[in-house]
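Student: Dumping the structure here so I can ask a few things about it.
Just so it is clear, none of the values below were taken in a lab; they were calculated from the coordinates. Just so it is clear, the structure is predicted and the values come from calculations on it, not from any experiment. So basically every Cβ, Gly included, is an ideal-geometry build from the backbone, and we count neighbours across all protein chains shown.
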Amino acid sequence: MANRPELLAPPEIFYDETEARKYTSSSRIVDIQAKLSERALELLALPEDGVPRFLLDIGCGSGLSGETISENGHHWLGLDISASMLNVAVEREVEGDLLLGDMGQGLGLRPGVIDGAISISAVQWLCNADKSSHEPRLRLKAFFGSLYRCLSRGARAVFQVYPENIKQRELILRQALQAGFGGGLVVDYPHSTKKRKEFLVLTCGSVQTSIQTGKNEHDEGCSEDDSSEDEESGMVSMSDRNRPKKRQKPNKEGKSREWMLRKKEQSRRKGNDVPADSKYTGRKRKSRF
Amino acid sequence: MRLITHNMLSCNIKGVTNGFPLRIEAGNVIEKEVDFNPDFIRHMFAKLEWKALVEGARSMGYAELPEDSPDAAVLESDESFLKKLHHALLELHLEEGALVCPKTGRKFPVNKGIPNMLLHEDEV
């Protein structure tokens, strides 16, 4: 695959019947998906009490990742936008329930019902505006907001993603944090272009747990307190920046031109359309206004 | 689609505040056996909306569940109840039919066991 699929067509069109079959019958892809799913389940850190959990597989496709979940003894619900991929899943008689849906429209699940969520190679599709009515930021917001709501307290969401560039990764992370998630990025084999894999591990609720370190070339890692590996493995942890600050006294000096220029620059950086600065910006108006 | 999923799904249309539960219009229901695990059933019980489950089960042709949500004692000791709950949650499959939004009446068709929850442009 010389081109990224996301640049060729929207997922429900790219993954048509032929592509769906090709995807699922490629032993290489099946193998990779199984490994990624196993790792994602590991990172979910579900309690090891032998009780099966109810998990969500976002972008479940033809059920490759779902099968790994079933093999690990859990029940699952899969969501995908491609009917062709889901049909292949039905043919393979996967054990989870399947939903035809668009994650960018919100998940539509009741609060606190899901014990954990995984997504293998799917979330990056959200960053593309496939229809003129799409605004990726709004879709990401709808997705992360609804995901946060439906997860039970202390549950995690683990996404294996292939971000196109740094901007995309930051966009995804920012939206996740704004929705209330905490968490970090776990990178396996950070120095190998072929083997490098990124997992976004999101936590919700007040449970404070440590995020595992990524794997390095010596296949070590996955130990919770191995901080000497930091140089080899890539671990970036993020926490909610929107911590409630102490109530500040309202600024009595009013809003100066300097303040206004600063705010406009901030808004421009976010990507909003802001009128150009001129000699009229922040000028004192006549008392009429 | 099984009742365990139906009990979690709500209508996502813009403006609909409480789109739960979706009414089931059962076309074709089949039964598939699943291994019984009492721990899982007990774990899920806390998350279920009991009334919606009983209603849903009835729409799919299963009326063995008690009307009122049982209390903890029953959950611990009564295995036959757990088996009934297991059967309702995991073994009944809605293959063809529809899910109907309680507020707007919008139908989400179910084909080959897969509900189509895709919203139209104006519903987002």
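Student: When the chain is fully extended, how far beyond the present Cα-Cα distance does A:ARG288 get from A:ARG153, taking 0.36 nm per residue of separation? Don't skip to the answer; put the middle values down first.
Tutor: Values: separation 135, 0.36 × 135 = 48.60 nm, distance 5.42 nm.
That pair, A:ARG288 and A:ARG153, stretches by 43.2 nm at full extension.
Student: Per residue, how big is the convex hull of the stretch B:1-72 when only Cα atoms are used? Give it in Å³.
Tutor: Details: hull volume 8.2 nm³, N = 72.
Per residue, the Cα convex hull of the stretch B:1-72 comes to 114 Å³.
Student: How big is the stretch A:10-92 by the Kirkwood estimate over distinct Cα pairs, in Å?
Tutor: Numbers: mean 1/r = 0.0757 Å⁻¹.
Here the Kirkwood hydrodynamic radius works out to 13.2 Å.
Student: About the Cα centre of the protein assembly as shown, how large is the charge dipole given +1 on each Lys and Arg Cβ and -1 on each Asp and Glu Cβ? Please answer in debye to the nearest 20.
Tutor: On the way: 59 positive and 62 negative charges, 885 e Å.
That gives the protein assembly as shown a dipole magnitude of about 4260 debye.
Student: Normalise the Cα radius of gyration of the stretch A:52-97 by 2.2 N^0.38 Å (N = residues in it) and let me know the number. Write down the numbers at each step before the final one.
Tutor: On the way: Rg = 9.5 Å, N = 46, 2.2 N^0.38 = 9.4 Å.
Scaled against compact globular proteins, the figure is 1.01.
Student: Suppose every K and R has +1 on its Cβ and every D and E has -1 on its Cβ; what is the size of the dipole of the stretch A:1-155 about the Cα centre, in Debye to the nearest 20?
Tutor: Working: 15 positive and 22 negative charges, 126 e Å.
So the magnitude is around 600 debye.
Student: Also, I was wondering about something else. Counting only other chains, and only Cβ atoms inside 10 Å, what mean value do you get across the residues of A:73-79?
Tutor: Details: counts 3, 1, 9, 1, 6, 2, 1.
Counting Cβ atoms of other protein chains within 10 Å of each residue's Cβ and averaging gives 3.
Student: Straight distance only, please: which lysines reach the Cα of B:LYS83 with their own Cα at less than 27 Å, same-chain residues fewer than 8 apart left out?
Tutor: Counting by Cα, and skipping residues close in sequence, B:LYS83 has these lysines nearby: B:LYS32, B:LYS47, B:LYS51, B:LYS112.
Student: While we're looking at this one, here's another question. When Lys and Arg each count +1 and Asp and Glu each count -1, what net charge do the other residues less than 9 Å away from A:GLU198, Cβ to Cβ, add up to? Can you show the working numbers first?
Tutor: Numbers: positive: A:ARG169, A:ARG196, A:LYS197; negative: A:ASP188.
Once positives and negatives cancel, what remains is +2.
Student: Rg (Å, one decimal) plus Dmax (Å, integer) for the alpha carbons of the protein assembly as shown?
Tutor: Over the protein assembly as shown's Cα set, Rg and Dmax evaluate to 23.8, 81 Å.
Student: Within 10 Å of each Cβ in A:82-89, how many Cβ atoms from other chains are there, averaged over the peptide? Before the final figure, lay out the partial values.
Tutor: Working: counts 0, 5, 0, 0, 4, 3, 0, 1.
Mean shielding by partner chains, rounded to a whole number: 2.
Student: Run the helix sum for the protein assembly as shown: -39,500 (n - 2.57) per DSSP H stretch of 4+ residues, divided by residue count, reported at 222 nm to the nearest 500 deg cm²/dmol. Please list the in-between numbers first.
Tutor: On the way: 13 runs with 126 residues, N = 413.
Rounded to the nearest 500, the figure is -9000 deg cm²/dmol.
Student: Hey, got the Cα dimensions of chain B along the principal axes, in Å, largest first?
Tutor: Largest to smallest, the principal-axis extents are 50, 28, 21 Å.
Student: Provide the packing ranking of A:67-77, A:262-272, B:30-40, i.e. peptides ordered by the mean count of other C-beta atoms within 10 Å per residue, highest first. All intermediate terms of the calculation are to be shown ahead of the outcome.
Tutor: Values: A:67-77: 21.1, A:262-272: 11.0, B:30-40: 13.4.
Listed from highest to lowest mean packing, they are A:67-77, B:30-40, A:262-272.
Student: What does the highest-first list of B:84-91, A:170-177 look like by mean Cβ count within 10 Å? Don't skip to the end; give the middle numbers.
Tutor: Details: B:84-91: 21.1, A:170-177: 18.5.
Ranking the peptides B:84-91, A:170-177 by packing returns B:84-91, A:170-177.
Student: For the stretch A:24-95 and the stretch B:51-94, write down the distance between their C-alpha centroids in whole Å.
Tutor: Cα centroid of the stretch A:24-95 versus Cα centroid of the stretch B:51-94: 27 Å apart.
Student: Average the reciprocal distances over every distinct pair of alpha-carbons in the stretch A:38-135, invert the result, and give the Kirkwood radius in Å.
Tutor: On the way: mean 1/r = 0.0710 Å⁻¹.
In the stretch A:38-135 this quantity evaluates to 14.1 Å.
Student: Which whole number gives the average, over all residues in B:113-121, of C-beta atoms from other chains lying within 10 Å of the residue C-beta?
Tutor: What the average comes to for B:113-121 is 6.
Student: Tell me, what ³J(HN,Hα) does each residue in the stretch B:39-44 have, in order and in whole Hz, if you take phi through Karplus 6.51 cos²θ - 1.76 cosθ + 1.60 with θ = phi - 60° and put x for Gly and Pro?
Tutor: Each residue of the stretch B:39-44 in turn: 4, 5, 4, 5, 4, 6 Hz.
Student: For A:GLY112, list long-range residues whose amide hydrogen, built 1.01 Å from N in the peptide plane, is under 5 Å from its own amide hydrogen.
Tutor: Amide H to amide H, under 5 Å and 5 or more residues apart or across chains, A:GLY112 pairs with A:CYS150, A:LEU151.
Student: How high is the FRET efficiency from A:ASP277 to A:ILE166, r the C-beta distance, R0 35 Å, rounded to 0.05?
Tutor: Numbers: r = 28 Å, r/R0 = 0.81.
With a Förster radius of 35 Å, E is 0.80.
Student: Please list A:142-152, A:190-200, A:112-122 highest first by mean number of surrounding beta-carbon atoms within 10 Å per residue. Display every interim value, and only then the final one.
Tutor: On the way: A:142-152: 21.0, A:190-200: 14.6, A:112-122: 23.7.
Highest mean packing first, the order is A:112-122, A:142-152, A:190-200.
Student: Determine the dipole magnitude for the stretch B:27-99: charges of +1 sit on the beta-carbon of Lys and Arg, -1 on that of Asp and Glu, nothing else is charged, the reference point is the Cα centre, and the result goes in debye to the nearest 20. The partial results should precede the final answer.
Tutor: Numbers: 7 positive and 16 negative charges, 28 e Å.
Dipole magnitude for the stretch B:27-99 comes out near 140 debye.
Student: I've got another one for you. If Rh is defined by the Kirkwood formula over all Cα pairs and Rg also comes from Cα, what ratio Rg/Rh do you get for the stretch A:102-176? Don't skip to the end; give the middle numbers.
Tutor: Values: Rg = 12.2 Å, Rh = 12.7 Å.
Result: Rg/Rh = 0.96.
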